[in-house]
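Trainee: Got a structure for you, questions after.
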Amino acid sequence: MIRLFVNIDHVATVREARKTLEPDPLQAALLAEKAGAHGITAHLREDRRHIQDDDIKRLREGVTTPFNLEMASVDEMVQIALNIRPDQVSLVPEKRQEITTEGGLNILEQERHLSEVGKQIKQKGILFSLFIDPDPAQVTASKRVGADSIEFNTGAYSESANSEEAKELLARLSQAAKLAHGSGLRVFAGHGLTNDSVQAVAAIPEIEELNIGHHIVSRSIFVGMEESVKEMLISIKKGVGLRP
Ligand code: PXP
């Protein structure tokens, strides 16, 4: 079985629409865990548009599954991660104007910086993960900077215009997953995945963890958080069943 990490950012998005106390991302995380999620992910953005610093503290204390903190590789966030000590740190590129993370990190243009950040994170016993596009050059650079794992950006696949394009992007993902796994990196994936699109990704044998948020939170409005997580777990299981 692949591990499902549920990203609860958009529970906080609804709360921040009114700057009140509800809905509470920790309560959503606890329900996701109850439904079988293997971990919880939250992205503390520099502009604090959804998750707030206090959420990160409460999640760290409240969740019982591994806690994955997504963040930009800037000093402020690195200090927060070193204090809070999540189980995983996933470094992502961040632009203030973007609606969501738009692409993977370009490791090649910041190898020295990422090596330094990675060293500090790993020294605290935190898993050091990098969000990259399924590109062989980014995979080998991730290995050079000392990453424990890489998370492949499935955004392009999720948005593919037709089945031909989806097939091609899946083939690229599968090849990059083989390369990463072969070089000793743990292989994760996520972004834009739905109950349907997740299946072909889960069918790639090297992938051991998925980070999924928007679709699960969206479905939870209609069916509840526990049911929404359960639906996703069933879809993932179907995908794993398709593995060669
Ligand atoms: N992985 C990373 C690195 C992300 O930035 C996000 C979005 O915060 C996700 C996974 C989850 O994407 P989605 O919310 O589209 O499922």
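The values are calculated or read from the model by the stated rules, or taken from the named source; none is laboratory data. What you see is a predicted model; the values in this text were computed from it and never measured. Just so you know, the surface numbers come from the protein's heavy atoms only, side chains and all, with ligands and any DNA or RNA stripped out. Shrake-Rupley method; radii C 1.70, N 1.55, O 1.52, S 1.80 Å.
Trainee: Given an 8 Å cut-off on Cα distances and at least 6 residues of separation, report the relative contact order of the range 1-102 as a percent.
Mentor: 24 percent
Trainee: Another question about this same structure. Select from 221, 56, 207 the residue whose mean-square fluctuation is largest in a Gaussian network model of the chain (Cα-Cα springs shorter than 10 Å).
Mentor: Sorting by GNM fluctuation, first place goes to 221.
Trainee: For the chain, what is the accessible area per residue in Å², given a 1.4 Å probe and the full set of protein chains?
Mentor: Per-residue value: 46 Å².
Trainee: Sum up the lysine pairs in the chain that clear both bars: alpha-carbon distance under 26 Å and a spacing of 8 or more or different chains.
Mentor: Step by step, the pairs that qualify in the chain add up to 25.
Trainee: With a 1.4 Å probe and every protein chain kept in, tell me what percent of the accessible surface of the chain is carbon plus sulfur.
Mentor: Here it works out to 52 percent.
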